[in-house]
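Below is one structure, written out as structure tokens, with a few remarks after it.
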Amino acid sequence: MKKTLFVTAISFLFVISSCNSPDKGIDPSFNQYVDLFIEEAAKHDVTFNYADVRGIQFGDLDGSIGGTCNFRNSDITIREDGWNNASDDYKTRVIFHELGHCFLDRRHLNSELPSGHCLSLMAGENMTCRNPYSIGSIWYDYYNDELFDDNTPIPDWYITEFDKPILETLIDTTATSTTLDLNVIGIDLNQNFEIRASFINWQYNDNLELSLGTQKLVISNSIIFLTSIYLLQDPILSATTTLRFVQYQGLDYFFVDDKIFHIDNLDLDFSNLSISTKKNIGQAADIGMQFQLNLLGD
Ligand SMILES: [Zn+2]
């Protein structure tokens, strides 16, 4: 029985390899992402050459799998369907993840941080964590550090509790929507500050939107997203929900009811800030919000 299975496995592999064999090597479509990997490897004192994997080629993959690594022969297959329309962030993540398997010999690691972010770029099958991997972001650096060294500690900027003293309250008002230019207010954008908004007259499914220049944060009962980054967490809104945006030491922290759900370095435009509540259709009462702008200490 064992022998039969072995023979079947061999012939299956033979079929696979005879399909792919004329094209071994790295398809030029992947060069720019492999070059980024070489760059990141060098930063971590690791040398990677194109010849260090047998191949990176397009292929058909089951389900929604983006790529696979064959550990036995370091052959990487990338899903062709959808590749052209994917973002550079996604493409980089997929190539780095597969090279993590095939070159760095990493296995899947689905652990998550308290905010729901993945601990590692090596999160894979059945993962439930979120992976905000974007080139140039603080997460890009962290995930690459962790990829090359799985003993990498959680970075200092990753904080789950934020309890800095309020030095001064610049605005404390009630409104249904507010538009602000923080430069006009005279706030030094290099200092630590926070924006807090709480609902008044909240009803189920009401939304809160915070626009910071080109970035827009929307939270409702079933979704949280920040422009193109989908930040789903448990349905969380209620009559007492407070949204809190904190700029601390140059980084951007987003909290809902003091639970952190995103950290980033977004390079936000604070000259065009607006915050508004959005009614569930058919409601008569204005929702309104309590809005605060506070300067924070260290
Ligand atoms: Zn994987």
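Kindly indicate which of Phe199, Phe225 is of a type in the set (Phe, Trp, Tyr) and free of Cβ contacts under 8 Å to residues at least 60 places away in the same chain.
Just one listed residue meets the conditions, Phe225.
Please list, ordered by first then second residue, the pairs with beta carbon atoms under 7 Å, 6 or more apart or interchain, first in segment 278-298 and assigned by TED's automatic domain parsing to the domain that holds Leu170 and over 23 Å from Val246 (Cα atoms), second in a strand (DSSP E or B) and modelled with pLDDT under 90.
As it stands, the answer is Ile287/Phe199; Ile287/Thr277, since those pairs meet every condition given.
Residues are listed down the side, and each one gets a yes or a no for (1) under 30 Å from Lys91 (Cβ atoms); (2) among the aromatic types (Phe, Trp, Tyr):
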position: Asn144; (1), (2): yes, no
position: Asp150; (1), (2): yes, no
position: Tyr158; (1), (2): yes, yes
position: Glu168; (1), (2): no, no
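Does Pro155 fit the bill of being away from the ligand (no atom under 16 Å from the Cβ), in the same structural domain as Thr68 (by TED's automatic domain parsing) and surrounded by fewer than 20 Cβ atoms within 10 Å (Cβ to Cβ)?
no
From Asp286, Asp234, which residue is under 27 Å from Asn131 (Cβ atoms), at pLDDT below 80 and not hydrophobic (A, V, I, L, M, F, W, C)?
One residue alone meets the criteria, Asp234.
If you take the residues in segment 94-144 that are crowded, with 18+ Cβ neighbours inside 10 Å and charged (D, E, K, R), which one is modelled with the lowest pLDDT?
Arg130
Taking segment 126-149 on its own, how many of its residues are without any contact (Cβ under 8 Å) to a residue 60 or more places away in the chain and within 12 Å of Ser111 (Cα to Cα)?
Residues that pass the stated criteria total 5.
Residue-by-condition table, conditions (1) within 16 Å of the ligand (Cβ to nearest atom); (2) closer than 25 Å to Ala123 by Cβ:
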site: Ile26; (1), (2): no, yes
site: Ala51; (1), (2): no, no
site: Arg54; (1), (2): no, yes
site: Phe71; (1), (2): yes, yes
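The values are calculated or read from the model by the stated rules, or taken from the named source; none is laboratory data. Worth saying up front: this structure is predicted, and the values here are computed from it rather than measured. All Cβ positions, glycine included, derive from the backbone under ideal geometry; neighbour counts span all protein chains shown.
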